[in-house]
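Beneath this line is the structure, given in structure tokens, with notes to follow.
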Amino acid sequence: MSQTKVEKPEKKRFKMPNVIVIMLFLILVACLFTYIIPAGQFDMNEEGNPIPGTYGSIEQDPVNPIDALNLILDGGVQASTVIVLLLFMGGFFGAIFQLDSIPNIINYLVYKYKNIGAMALSLGLFTLMGFIGFFIGGDMMIVFVTLGVIMARQLRLDPISALAMTFLPLFMGFSVGPSGISMLGQIFASDTPLYSGYGMRTAIFIIFLIITGLYVA
């Protein structure tokens with residue numbers, strides 16, 4: 001008797017939706033929150049900064065999801081400086097990468113220190129990106145993700161490792177760094193001295209760097 005092979009049905013694997021779909025979903029969620037979260041605002045001084053202790057509730061003004069789509073253009077206009085900066089920085093680093101100098105340096109480092117393993121090289125880049133985010137910060141730092149992509153490719157790691165080695169430490173450092181905290185301090189407490197609490201922020205950064213490094217490892 002001939003034995004017939006029973007083919008197992010292929011399991012459908014989850015496929016990450018397009019970035020545009022994710023952005024539209026997040027816009028929809030943000031619109032829904034405008035119906036739930038109570039509205040409020042601060043009084044402003046002559047310089048346009050919020051006055052501490054003046055927060056009060058105002059009339060709820062939820063955002064219609066259809067109207068939110070029309071606000072995308074206005075948001076692009078308001079963020080035009082950041083967008084142009086990212087384009088210029090991306091083009092600048094793209095031109096550098098076309099010279100093969102950065103890939104050659106990374107190839108040399110991978111070959112030179114191959115005995116210490118991929119983990120040490122990944123954590124080395126992770127630590128470097130963390131300090132860059134802490135002392136410099138800013139949206140333009142996202143172009144450094146390209147370094148992580150090259151490193152992950154040379155070390156034969158999963159592409160998501162590129163984000164873990166670059167994007168994660170960059171914005172972790174920026175979140176507690178002088179530039180990032182100074183912005184928040186001027187928004188929520190306008191009388192906060194610029195770059196105050198530098199020592200405490202450095203200690204918090206080191207703690208966050210260790211915890212995030214263990215997560216990446």
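Selection within region 140-199: residues that are among the aromatic types (Phe, Trp, Tyr) and over 24 Å from residue 84 (Cβ atoms). The member of this set that is modelled with the lowest pLDDT is 188. Look at region 60-85: where a residue is under 24 Å from residue 36 (Cα atoms) and a partner is assigned to a loop (DSSP other than H, G, I, E, B) and among the small types (Gly, Ala, Ser), sitting 6+ places away or on another chain with Cβ atoms under 8 Å, you get 60/39; 61/39. Is there a residue in region 69-92 that is outside any helix (DSSP H, G or I) and exposed (fewer than 11 other Cβ atoms within 10 Å of the Cβ)? Checked region 69-92: no residue is outside any helix (DSSP H, G or I) and exposed (fewer than 11 other Cβ atoms within 10 Å of the Cβ). Among the residues of region 1-53, which ones are part of a loop (DSSP other than H, G, I, E, B), touching a Pro at 6+ places or on another chain (Cβ under 9 Å) and either at pLDDT below 75 or of a type outside the set (A, V, I, L, M, F, W, C) (or both)? The one that is part of a loop (DSSP other than H, G, I, E, B), touching a Pro at 6+ places or on another chain (Cβ under 9 Å) and either at pLDDT below 75 or of a type outside the set (A, V, I, L, M, F, W, C) (or both): 43. In region 90-112, the residues that are over 16 Å from residue 156 (Cα atoms) form Cβ pairs under 7 Å with partners that are of a type in the set (S, T, N, Q) and at pLDDT 70 or above, at six or more places apart or across chains, as follows: 93/146; 97/146.
The values are calculated or read from the model by the stated rules, or taken from the named source; none is laboratory data. On a predicted model such as this, the values are computed, not experimentally measured, just so you know. Glycine gets a Cβ as well: all are built from the backbone with ideal geometry, and neighbour counts include every protein chain shown.
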